[in-house]
Amino acid sequence: MNIETSGIEMILGGSQILKGISLSATGREFIGIIGPNGSGKSTFLKCIYRVLKPTGGAVMIDGRPLEQYRVKETAQKLAVVSQHNYYNFEFSVEDIVLMGRSPHKKTMERDNAEDYRIVEESLAKVGMLDYKGRVFSSLSGGEQQRIILARALAQKTESLILDEPTNHLDIKYQLQLLDIVKKLGITVISAFHDLNIAAAYCDKIYALKSGQIVAGGTPEEVITSRLIRELYEVDATVRKDEFGMLNIVYHPLHVRKGEEA
């Protein structure tokens, strides 16, 4: 599936948060969005998955403007995993994942055997099938995120938006979740705080600063010492490890001061 944005602008509370963001994700690309807090990453993704309506510009899905799709049609094409998932009722894990089937159901249509098969298949993919009968709120943060990913998988979409879903997870669960997503072979757009994680999983990366794209390309092209200094105002060394993966090593101020002394 192809997702393209052209000149996306967003004004919130009188402030211009996004200032003309244009990018594209085609086929099975895994696209990463990086940038400091307040750079507009989450706001931009919300424009794609229809939580926010852009002040200007356009979002295109398979060459068709987003607003021409019904909300249910959008949910059949885009699934979302965000970092915050709260429910006021004591839903079971199975109930949560079944919600992923709703875009494919008619009004008041009951869940059928195929829906339950897809739920079990989705839970198995994230290693949570044994938790099917558990209450969602009783699970740890990492377990909950895997259930939310299973719900997204149950939607059977051609693309996935990850709105910083791993921020509060242990590294084990970050890697587990992203390994699962990488193997799906679908279009993925994800916001990242961790540059090492972004470099490990993304085909292309776009860097945002103050609501604008300041760099775009492969991880090796984008994640450089110069860009890290520009975006985050910290010094870092970027090199490849023994597996050929980019490795970012940050230089804390107290260490640099020790070297200068």
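The values are calculated or read from the model by the stated rules, or taken from the named source; none is laboratory data. If you're wondering where the values come from, they're calculated on a predicted model, not measured in any experiment. A quick note on method: Cβ atoms are made from the backbone with ideal geometry, for glycine too, and the neighbour counts reach across all protein chains shown. Only protein heavy atoms, including side chains, enter the accessible area calculation; ligands, DNA and RNA are left aside. Shrake-Rupley method; radii C 1.70, N 1.55, O 1.52, S 1.80 Å.
Each 5 Å bin from zero holds the following percent of Cα-Cα pairs in the chain: 1, 6, 12, 16, 17, 16, 13, 9, 6, 2, 1, 1, 0, 0, 0. Ligands, DNA and RNA aside, CYS202 has an accessible area near 10 Å² when probed at 1.4 Å. Ordered from largest to smallest accessible area (heavy atoms of protein chains, 1.4 Å probe), the residues THR187, THR43 come out as THR43, THR187. Considering only alpha-carbon pairs that sit under 8 angstrom and 6 or more positions apart, the relative contact order computed for region 59-186 is 38 percent.
Quick one: ranking VAL238, VAL126 by accessible area, 1.4 Å probe, largest first, what do you get?
Values: VAL238 40, VAL126 5 Å².
From most exposed to least exposed: VAL238, VAL126.
Would you be so kind as to identify which of SER42, LEU129, ALA79 lies farthest towards the positive end of the dipole of region 18-139, taking Lys and Arg as +1 and Asp and Glu as -1 on Cβ and the Cα centre as origin? After comparing all options, I get SER42.
Quick one: dipole size for region 4-115, taken about the Cα centre, charges +1 on Lys/Arg Cβ and -1 on Asp/Glu Cβ, in debye to the nearest 20.
So the dipole magnitude of region 4-115 works out to roughly 380 debye.
A full extension of the chain between SER22 and GLU73 corresponds to an added length of 16.1 nm, given 0.36 nm per residue minus the alpha carbon distance.
For THR74, the accessible area of its heavy atoms, probed at 1.4 Å with every protein chain present, is near 10 square angstrom. Computed across region 1-117, the Kirkwood radius stands at 16.3 Å (inverse of mean 1/r, all Cα pairs).
Skip the ligands, DNA and RNA, and give the accessible area per residue of region 64-179 with a 1.4 Å probe, whole Å². Mind showing how you got there, number by number?
Working: 6000 Å² over 116 residues.
So region 64-179 comes to 52 Å² accessible per residue, rounded to a whole number.
The count of lysine pairs in region 112-261 whose Cα atoms are under 14 Å apart, excluding pairs fewer than 8 places apart on the same chain, comes to 4.
Using unit Cβ charges (K, R positive; D, E negative) and no other charged atoms, how large, in debye to the nearest 20, is the dipole of the chain about its Cα centre? Each step should come with its number before you reach the end.
On the way: 32 positive and 33 negative charges, 108 e Å.
Computed about the Cα centre, the dipole is about 520 debye.
Considering region 91-138 at the alpha-carbon level, its Rg and Dmax are found to be 10.8, 31 Å.
Relative to the current alpha-carbon distance between MET99 and ILE171, full extension at 0.36 nm per residue lengthens the span by 23.2 nm.
On a full-extension model of 0.36 nm per residue, what is the gain between PHE243 and GLU120, subtracting their alpha-carbon distance, rounded to one decimal in nm? Please report the intermediate quantities before stating the final value.
Working: separation 123, 0.36 × 123 = 44.28 nm, distance 3.51 nm.
Contour length minus the Cα-Cα distance gives 40.8 nm.
Rolling a 1.4 Å probe across all protein chains gives LEU66 an accessible area of roughly 10 Å². When region 166-244 is described by a simple charge dipole with +1 on each Lys and Arg Cβ and -1 on each Asp and Glu Cβ, the residue from HIS193, LEU208, ILE223 located farthest towards its positive end is LEU208. Its alpha carbons give region 171-261 an Rg and a Dmax of 14.7, 51 Å.
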